[in-house]
Amino acid sequence: MDWPTTIATTVAALLTLAVFSFLYKDNPFYKFAEHLMVGVSAGYWVIILWYTVVIPKMWQPLEAGKWYYIIPIILGILMWARLNRKWQWVSRYPLAFYIGVSTGVAIPLEMKAKVIEQLNGSVDLVTTMYATQASGMTVVNNILILIGIIAALIYFFFSKAHTGATGSIAKFGIGVLMVGFGASFGFTVMARISLLIERLQFLLFEWLKWG
Amino acid sequence: MKLAEKMFAIDRRWVYLALGLAVLISLKIPFSIPIPISKEARNIYNFIDTLKAGDAVHLAIDYDPSTLAELHPMTLSILKQCFEKKIKVVVTALHQNGPAMAAAALDTAVARHAARSGEQMKNGVDYVFLGYKPYPALIILGMGQNYRIPFPTDYYGVPVDSLPMMKHIQNYDDVKAILNVSGTSATDYWISYGNGRYKVPLAIGVTGVMATDYYPYWQTGQIFGILGGLKGAAEYETLVGTPGKAVQGMKVQMVAHLIIIVFIIIGNIGYFAQRKKREQSV
């Protein structure tokens, strides 16, 4: 390994150890690593945004004589008026424009992808069972999912007291939600352990060259 | 203090130490565990495998170093498969820290491919890295019309029109699928705006924390495959025949999970013992 790489790897390893030291208790090494990361990230983002937005989307179009770019640029500058108490009302104009456009773009597509398609999917569980003459575990799975969806939805239905049959279904709904949370928790544990494993792989095999 | 109370009051630092040691030791001990391949991972592999040489896919790399452990092996495995199959890859990053991850992944994948086959994959010919632009929703919609709208030049400042690979690629109609490897909400945007608006086939590789949120989209067919966390990465490494960091990590995962299960059991025994004691005192 060449010297620059060795130095970079050692710095990364020492910073990793500094972060790990927080597991014992808060200390200046951890604080240093934390502040360094926040500072470097902020600096990196500024440079990235400068070269991917300000230069190509503001400066270069104006240089090329596309003067209509001045309209979004002015709207963008007006956003900064929020920093001044006297002039902050001005920022409402670009915000109104921004929210209007975002809402117009987002609502139909989000509604379609996250509500309509999901509803279709739930109905399809039954229709495809008939259409494809599904058998065995597919039928069991589909029925279980359908019952689970209905039970979980009934748990969130507060217009009727959760007693009697409604209460029993709602209770089953809680069970379904718990299974969902359990799966999420399991995946989360795996994700967190993955981070630990990767850091130890780095410390052992890339830094210490142990094995 | 009784044993049960001691178990409940165990200092969390002992848990960290036990986990750290377990991970460290199991990394050093040579053993392997089977990696069963899920249908959702195999779907992605089969999809790419059935493409013809010269077809193009869009690889959206939307993660940062904090999720590198789980997602980088997925990216490298997908790139390996694409390079071996001579499939063109359009790469974008819609997260601020994504460009560095994408550039690093491409460098590694190109170097590994050259070492394996002696063939040098060329930027602009075999793959294109368009770089980063903010506001994922608008960029995804823009690319659906034409890649040149949000990305007139690639990451290195070269005009996209001058890149040989991009001559026949105008928009999503010209790529066979979008493969989104993401540790951010960019995946939601790809589902709503990429697949939702343009109906382009979409598969995702996400972190373990995110994986369960996206299974409903797999069930409805909005995405044709999911790689979930390190397990998904290990599955893909196995499928492309290059077991790497993810496969090595899965054996360690198993040991770490066993340790966690033991601590959960200890914690629960302590909790119920304390509750029983409280009830008796009342």
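Residue-by-condition table, conditions (1) more than 25 Å from the chain's Cα centre (by Cα); (2) away from chain B (no Cβ under 14 Å):
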| site | (1), (2) |
| --- | --- |
| A:93 | yes, yes |
| A:118 | no, no |
| A:125 | yes, no |
| A:137 | yes, no |
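Could you go through region B:182-204 and let me know if any residue there is at the interface with another protein chain (Cβ under 8 Å from one of its Cβ atoms), under 11 Å from the mean Cα position of the chain (by Cα), within 22 Å of residue A:184 (Cα to Cα) and in contact (Cβ under 8 Å) with a residue 24 or more places away in the chain. No, region B:182-204 contains no residue that is at the interface with another protein chain (Cβ under 8 Å from one of its Cβ atoms), under 11 Å from the mean Cα position of the chain (by Cα), within 22 Å of residue A:184 (Cα to Cα) and in contact (Cβ under 8 Å) with a residue 24 or more places away in the chain.
Yes or no: region A:83-90 includes at least one residue that is charged (D, E, K, R) and farther than 23 Å from residue B:194 by Cβ. Yes.
Taking every residue in region A:190-205 that is among the basic types (Lys, Arg) and pairing it with any residue that is assigned to a helix (DSSP H, G or I) and surrounded by fewer than 21 Cβ atoms within 10 Å (Cβ to Cβ), at least 6 positions away or on another chain, the pairs with Cβ-Cβ distances below 8 Å are A:199/A:16; A:199/A:20.
Could we say that residue B:222 is touching a Pro at 6+ places or on another chain (Cβ under 9 Å) and either within 25 Å of residue B:100 (Cβ to Cβ) or assigned to a loop (DSSP other than H, G, I, E, B) (or both) here?
yes
Taking the residues in region B:228-272 that are of a type in the set (Ser, Thr, Tyr) and closer than 19 Å to residue B:78 by Cα as candidates, determine which candidate is nearest to the other protein chains (Cβ to nearest Cβ). So the residue we want is B:236.
Here is a list of conditions, (1) without any contact (Cβ under 8 Å) to a residue 60 or more places away in the chain; (2) under 30 Å from residue A:198 (Cβ atoms); (3) among the hydroxyl-bearing types (Ser, Thr, Tyr), and residue A:68 meets all of them except one; can you say which number that is? Condition not satisfied by residue A:68: (2).
Entry remark, region A:2-49: residues being outside any helix (DSSP H, G or I) and loosely packed, with under 11 Cβ neighbours inside 10 Å number 3 in total. Could you tell me whether any residue of region B:121-137 is of a type in the set (A, V, I, L, M, F, W, C), at pLDDT 95 or above, closer than 20 Å to residue B:191 by Cα and in contact with a Leu (Cβ under 7 Å, 6 or more places away or on another chain)? No: region B:121-137 contains no residue that is of a type in the set (A, V, I, L, M, F, W, C), at pLDDT 95 or above, closer than 20 Å to residue B:191 by Cα and in contact with a Leu (Cβ under 7 Å, 6 or more places away or on another chain).
Of all residues in region A:153-198, those satisfying the criterion of being among the hydroxyl-bearing types (Ser, Thr, Tyr) and either touching a Leu at 6+ places or on another chain (Cβ under 6 Å) or within 14 Å of another protein chain (Cβ to nearest Cβ) (or both) are A:184, A:188, A:194. Return yes or no: is residue B:212 of a type in the set (Ser, Thr, Tyr), without any contact (Cβ under 8 Å) to a residue 60 or more places away in the chain, assigned by TED's automatic domain parsing to the domain that holds residue B:91 and over 20 Å from residue B:40 (Cβ atoms)? Taking the combined requirement at face value, the residue does not satisfy it. Within region A:49-63, the set of residues being charged (D, E, K, R) and within 9 Å of chain B (Cβ to nearest Cβ) comprises A:57 only.
Within the set B:106, B:130, the sole residue that is assigned to a strand (DSSP E or B) and aliphatic (A, V, I, L, M) turns out to be B:130. Residue-level check: of (1) outside any helix (DSSP H, G or I); (2) without any contact (Cβ under 8 Å) to a residue 60 or more places away in the chain, residue B:95 misses just (2).
The values are calculated or read from the model by the stated rules, or taken from the named source; none is laboratory data. Just so it is clear, the model here is predicted, and its values are computed rather than measured. Heads up, the Cβs are rebuilt from the backbone with ideal geometry, glycines too, and the neighbour counts pull from every protein chain shown.
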